[in-house]
Amino acid sequence: MATQGKLILDYVLGHAATTPGRVYLTQPVGNGQVIDYTWAQVVDQSRRMAAHLQARGFEPGARIAILSKNCAHFIMAELAIWMAGHTTVAIFPTETAETVRYILGHSGSSLLFVGKLDTWPQQQPGVPQGLTCIALPLAPKTVFESWDAIVARTAPIAGPPERRADDVAMILYTSGSTGTPKGVMTSFAGFTFAGEGIARDTRSRVGEGAANRVLSYLPLAHSFERSWVEALSLVDGGTHLFFAESIDTFLDDLRRARPTLFISVPRLWLKFQQGVFAKLPPAKLDRLLSIPLVGALVARKVRKGLGLDKVIVAGSGSAPIPAELIEWYCRIGLPLYEGYGMTEDNSYSHTSNAQFNAPGYVGVALPGVQVRISPEGEILIRSPARLVGYYRQPELTAGSFTEDGFFRTGDLGELRTDGLLKITGRAKELFKTAKGKYVAPAPIENRLNAHPMVELSLVSGVGQPAAYAIVQLAEDLRPRVGDPAVRARVQAELGRLLDDVNRELADYAQLRMLVITGEPWSIENGFLTPTMKVRRSRIESAVESQVSRWFAQAGKVMWA
């Protein structure tokens, strides 16, 4: 339960009352210009839009959708939805028209906020005819009425909005890495509990009273960013949120924010490292870092080049990260702490810290979280931050909990005596080769992904003579493989990698080959989810017709 019955909106109104002039949100608007929004301005705009939503006469708890990249008015729109007595449905800004249509229909959304988007013309056909839409300030050109026009003519709602702890605050649709997206219902009590816990954890590391700056760039439609950035900032009124303008301006956005807290996903942490290697080869960097005094200067320069020189808390979540990558960041003076959570628990479950951390482990349970391992090896979690249930799927909800209320995560793990948790795989991802034994792909993929030539990998082999892996080369390497010398070096290096990985595996799990994919996996071509997780089933379906040919060929490394 939230502290003393306080819910997330109570915190927001408190910040506007006690620190009205404090800047909360900083939004880039192009040409190097930004707009700052204070707590008083944020709450005033949200109250005015809430009055407009109430005037439309929607039923209590009506679902109101947001389709937008991260921006200041995403936060304001969400606050307005809550203040009006309704429920937020956020849609990933990269989703296809088909998925937009499905989520709007499944949720029964009554209205859609259209915000900052890159592919609106392709997404617009997914919006049902007749659905009322409102354009946020950074939206592409539309015929919809604008946020600014509505706010300018509408008086704010009077009095504090009343929301109950068990009211559904939001429905978070999973990114659908294995099938149709599910709508995870989160209550105000659950979201507030997560926000309070994350705020306490962050403050204990950043320091009480210190300015806390955060760059919001991972999708706010995802639970990880929603809890560890939005909920944190709504509870902790001293946190200043900055937004990114675009991929091209990302480094400038980072330098503007000078974040003290920076969270990311493994693929981006890997890309940051590869960006460093493109300017300073790994062997040379290792040599420089090992020299006393010089090493510290080099490490500081690397952090500054990444825009992370002011970071106090660096975290990785949403997917497993190779232990070697964590160790590398520690070498450049940036302790990187891995965490673990899921949409169903508001991404509030486990995190590493200075006292409890080890490469390959995702940390210890956060306050209020109980964890145990089932006899089958599945991680079971019980927490006040847990979901209410799956929207319009009562049977799935009922089957997701043990009799004593623990959520069945579907992840496999091991728990050390000191509480550190290790994720060993995903139960639904286990597969059997023709040898008849289960293979867990995630630990093998982690080993492959740790190699500097590999950006992503997928281990498969259902019913095949052996397991195999498809690998995507590092971004800086892909344009150069047309050079025969580079191609030969890649083939030799990955052949050695295959041997090294297989030496660590049981014979039934060893890889027959590595296949280098010709088409990079991306969100746009549907092979990655909006949070950059590999869409396993989609990739396996795409290569199904080629697998038998791969097994018929000789050699350790081949090109798709």
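Some notes on this structure:
- Across all directions, the average flat footprint of the convex hull enclosing the Cα atoms of the range 85-221 is 11.1 nm².
- In this simple spin-label model, placing a label point 7 Å from the Cα along the Cα-to-Cβ direction at both Lys301 and Asp404 gives a separation of 5.7 nm.
- Over 15 Å [Cα-Cα, the range 397-467], rounded percent: 67 percent
- Cα-based Rg of the range 3-148 normalised by 2.2 N^0.38 Å, two decimals: 1.06
- Over 15 Å [Cα-Cα, the range 1-58], rounded percent: 62 percent
- Estimated purely from DSSP H runs of n ≥ 4, each contributing -39500 (n - 2.57), the mean residue ellipticity at 222 nm for the chain is -10000 deg cm²/dmol once divided by its residues.
- Where both bridge residues fall in the chain, DSSP classifies roughly 50% of the beta bridges as antiparallel.
- Ordering of 194-207, 413-426 by burial proxy (mean other Cβ atoms within 10 Å per residue, highest first): 194-207, 413-426
- Relative contact order computed over the chain (Cα-Cα under 8 Å; 6+ residues apart), in percent: 11 percent
- Normalised by residue number, the volume inside the convex hull of the Cα atoms of the range 436-499 is 94 Å³ per residue.
- Euclidean distance of C-alpha centroids, the range 122-191 and the range 353-377, integer Å: 34 Å
- Accessible area of Leu297 (1.4 Å probe, protein heavy atoms only, ligands and nucleic acids ignored): about 110 Å².
- For the chain, size of Cβ-based charge dipole, Lys and Arg +1, Asp and Glu -1, in debye: 900 debye
- Set of the range 200-242 residues, backbone N closer than 13 Å to the point 7 Å along the Cα-Cβ line of Asp118: 218-219
- Percent antiparallel among DSSP beta bridges (both partners in the range 261-415, rounded to 5): 65 percent
- Annotation: average projected area of the range 315-444 is 9.5 square nanometres, based on the convex hull of Cα atoms across all directions.
- For the chain, the solvent-accessible area with a 1.4 angstrom probe is 42 square angstrom per residue.
- DSSP H segments from the chain that extend 27 Å or more along their own axis, Cα-based, with Kyte-Doolittle mean of -0.5 or above: 484-503
- Beyond 28 Å in Cα-Cα separation lie the following of the pairs Lys116/Lys422; Lys432/Lys533; Lys284/Lys304; Lys432/Lys556: Lys116/Lys422.
- Under the Debye formula (equal points on every Cα, no solvent term), log10 I(q)/I(0) of the range 145-265 at q = 0.11, 0.21, 0.23 Å⁻¹: -0.51, -1.21, -1.23
- Cα-Cα separations in the range 249-327 greater than 21 Å, expressed as whole percent: 31 percent
- Relative packing of peptides 553-560, 213-220, 456-463, 50-57 - highest average C-beta neighbours within 10 Å first: 213-220, 456-463, 50-57, 553-560
- Compactness of the range 394-526 is given as radius of gyration and Dmax, 18.1, 61 Å, from Cα positions.
- Among the listed options (i) 23.5; (ii) 29.1; (iii) 24.7, the one matching Kirkwood radius over Cα pairs in Å as calculated from these coordinates is (iii).
- For the range 1-115, DSSP calls about 40 percent of its internal beta bridges antiparallel.
- For the range 72-163, the Rg and Dmax computed from alpha carbons only, in angstrom: 13.6, 41
- Ordering 29-42, 92-105 by mean Cβ neighbour count within 10 Å, with the highest value first, yields 92-105, 29-42.
- 10 Å binning of all Cα-Cα separations within the range 459-559, expressed as whole percents from 0 upward: 13, 43, 37, 6
- Size of the range 234-290 as Cα extents on the principal axes (Å, biggest first): 44, 26, 20
The values are calculated or read from the model by the stated rules, or taken from the named source; none is laboratory data. As the structure is a prediction and not an experimental result, all values here were calculated from the model. Cβ sites come from the backbone with ideal geometry, for glycine too, and all protein chains shown count toward neighbours. Each accessible area value is taken on the protein alone, full model and side chains, heavy atoms only, with ligands, DNA and RNA left out. Shrake-Rupley method; radii C 1.70, N 1.55, O 1.52, S 1.80 Å.
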